[in-house]
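Take a look at the structure below.
The values are calculated or read from the model by the stated rules, or taken from the named source; none is laboratory data. It should be emphasised that the depicted structure is a prediction, and the values quoted were computed from it without experimental measurement. Ideal geometry is used to build each Cβ from the backbone, glycine not excepted, and the neighbour counts take in all protein chains shown. Surface areas here come from the heavy atoms of the whole protein model, side chains and all, with no ligands, DNA or RNA. Shrake-Rupley method; radii C 1.70, N 1.55, O 1.52, S 1.80 Å.
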Amino acid sequence: MDLTLPSEDGFHWKDHVLYCEDVDLEKATSRFGTPLYVYSRKAIEIAYRRYADALQGIPHLMCYALKANSNLAIIDVLARLGAGFDIVSGGELARVKAAGGDTKKVVFSGVGKSTQEITDALNADIYCFNVESIPELDRIIETARQTGKRARISLRVNPDVDAKTHPYISTGLKKNKFGIAINEAFNVYRHAAQFPEQLHITGIDCHIGSQLTELSPFLDACHRIVDLIDKLKEHGIELEHIDFGGGLGITYQNENPPTPAELIANLRQILCDRGYDHLEMVFEAGRSIVGNAGALLTKIEYLKKGEEKNFCIVDAAMNDMVRPTLYQAWMQIVPVNTQKLPHDEQVWDVVGPICETGDWLAKDRSLSLEQGQILALLSAGAYGMSMSSNYNTRVRPAEILVDGDKTYIIRPREEVQELFANETRIP
Ligand code: LLP
């Protein structure tokens, strides 16, 4: 049985029991029930500081991409470290405000910004709109005119580089819906420059994909962007910042992604070589901040042995964590107490109670299991709870944040009645 932890920033083994910081996770589940998301404050802070430390002395804005995990407590932990935020909806802007984050450090990405969302963001005086199309630019100009505000903008360019990641989370290719083609961007900047009263052109942005485990796509994108910055400069358009997006991968199994320090040093080198070291470096990191800081704890309901497969049926399902079935993502799964295990290991598919064959969390894992035991699905801090749903009228898990030996419930388990409280019957 493989008991390797993908990261030891927040989780470790102590006397055969899995701990989050100083908290025994088996005991935590007796107290808070399952399924349960547990996050380590320390791991979040370590991950954030890896970026912040590498950016020291360099003009920068370090944003956290809320979509990875948008619980207010997590936003607050990061806001206290000085983080800005990358948002993609009015809902996420409302979360930043509710958590006390600084809206002046918000960048707004996404291909479908509504007029209402643009108005709210202008009123919140956000740092920058990452504009993804010409019609969106026109809408921002019009909304700025109507509200009497000046919008700070950057164009999200699509540099047409292969991020070498899962096709669903690759965003920087011509065939993807994101950004403005790099060859068109020059003309769009020139168009934007004709509206100085409504627009303040501050930067350029790209985000080429997620869970990137190599440096080269980031560096290729950077070179292409700097070529465009050269051309803009020749035509009198001077930028103030360059936003490299998010996308840095984490270790789920045996991936060995570059560290934030390596990424930043290499990008910085390009900027220095090409005479742009004065440009502010912006990042929109999500997964690499919270991914390894979380786990999903779940109880084994039944062990069901089939003719071809053995199924370990747990109380968490694809509605709680959709990554395995949606992206065929491999996530480490371990028993939280390995002391009292039966000795025989068998090969199991770990599946949930939902009525779909796609409802699985792990496949073909060699594990020694017992009914009633607690399992931990690791590296579940990013794109877990934030992508959860109530499919099959299942209440979503509770979330707890661990800080040393303290545990805080940062979202209680939902009650079934809440799920249909706003539904009504017709006469
Ligand atoms: N900025 C933009 C514009 C993005 O679209 C994303 C993620 C990020 C930043 C943050 O990327 P990160 O640092 O987390 O890689 N649900 C998928 C990942 C989807 C990523 C979407 N965009 C998964 O679970 O793998």
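Some values worked out for this structure:
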{"item": "Members of region 21-35 found to be part of a loop (DSSP other than H, G, I, E, B) and open to solvent by less than 20 Å² (accessible area, probe 1.4 Å), listed by number", "result": "Glu21, Pro35"}
{"item": "Which listed residue is within 26 Å of Ala151 (Cα to Cα) and open to solvent by 10 Å² or more (accessible area, probe 1.4 Å), from Leu239, Leu303, Leu232, Leu279", "result": "Leu239"}
{"item": "Which listed residue, of Leu378, Leu267, is in contact (Cβ under 8 Å) with a residue 40 or more places away in the chain, in contact with a strand residue (DSSP E or B) (Cβ under 8 Å, 6 or more places away or on another chain) and more than 30 Å from Ile409 (Cα to Cα)", "result": "Leu267"}
{"item": "Close pairs from region 234-250: first acidic (Asp, Glu), partner modelled with pLDDT under 95 and open to solvent by less than 20 Å² (accessible area, probe 1.4 Å), Cβ under 7 Å, at least 6 apart", "result": "none"}
{"item": "Residue list for region 262-276, filter: within 16 Å of the ligand (Cβ to nearest atom) and open to solvent by 10 Å² or more (accessible area, probe 1.4 Å)", "result": "Glu262"}
{"item": "Close pairs (7 angstrom Cβ cut-off, 6 or more residues apart or separate chains): at pLDDT 95 or above and within 13 Å of the ligand (Cβ to nearest atom) in region 285-306, open to solvent by 30 Å² or more (accessible area, probe 1.4 Å) and assigned to a helix (DSSP H, G or I) anywhere", "result": "Gly286/Lys67"}
{"item": "Criterion: within 16 Å of the ligand (Cβ to nearest atom), under 25 Å from Ser30 (Cα atoms), of a type in the set (A, V, I, L, M, F, W, C) and in contact (Cβ under 8 Å) with a residue 24 or more places away in the chain - qualifying residue of Ala398, Ala362", "result": "Ala362"}
{"item": "Residue list for region 45-67, restricted to those being open to solvent by 50 Å² or more (accessible area, probe 1.4 Å) and β-branched (Val, Ile, Thr)", "result": "Ile46"}
{"item": "Selected residue (criterion: surrounded by the fewest Cβ atoms within 10 Å (Cβ to Cβ)) from residues of region 392-407 that are closer than 16 Å to Ala293 by Cβ and of a type in the set (Asp, Glu)", "result": "Asp403"}
{"item": "Some residue of region 321-342 being closer than 20 Å to Arg413 by Cα and assigned to a loop (DSSP other than H, G, I, E, B)", "result": "yes"}
{"item": "Filter result (among the small types (Gly, Ala, Ser) and open to solvent by less than 10 Å² (accessible area, probe 1.4 Å)) within region 285-300", "result": "Ala285, Gly286, Gly291, Ala293, Gly294, Ala295"}
{"item": "Matching option when the condition is over 15 Å from Phe311 (Cα atoms) and not acidic (Asp, Glu), among Gly384, Gly358, Gly372", "result": "Gly384"}
{"item": "Any pair with Cβ under 6 angstrom, 6 or more apart, that starts in region 218-231 at a residue that is assigned by TED's automatic domain parsing to the domain that holds Ile264 and ends at one that is of a type in the set (D, E, K, R) and surrounded by fewer than 19 Cβ atoms within 10 Å (Cβ to Cβ)", "result": "Val226/Arg274"}
{"item": "Some residue of region 153-171 being within 16 Å of the ligand (Cβ to nearest atom), part of a loop (DSSP other than H, G, I, E, B), open to solvent by less than 50 Å² (accessible area, probe 1.4 Å) and at positive phi", "result": "no"}
{"item": "Restricting region 329-378 to residues that are small (Gly, Ala, Ser) and more than 26 Å from the chain's Cα centre (by Cα), the residue that is farthest from Pro35 (Cα to Cα)", "result": "Ser366"}
{"item": "Those strands (runs of 3 or more DSSP E) lying entirely in region 36-119 with at least 3 residues within 16 Å of the ligand (Cβ to nearest atom)", "result": "60-65, 84-87, 106-108"}
{"item": "Members of region 182-238 that are within 16 Å of the ligand (Cβ to nearest atom) and on the phi > 0 side of the Ramachandran plot", "result": "Gly209, Gln211"}
{"item": "Residue list for region 295-314, filter: under 14 Å from Ile354 (Cβ atoms) and of a type in the set (Phe, Trp, Tyr)", "result": "Phe311"}
{"item": "Neighbours by Cβ (under 7 Å, 6+ apart or cross-chain): first from region 205-217, within 17 Å of Val131 (Cβ to Cβ) and in a loop (DSSP other than H, G, I, E, B); second of a type in the set (Asp, Glu) and within 7 Å of the ligand (Cβ to nearest atom)", "result": "His207/Glu284"}
{"item": "Residue in region 140-151 that is aliphatic (A, V, I, L, M) and within 21 Å of the chain's Cα centre (by Cα) present", "result": "no"}
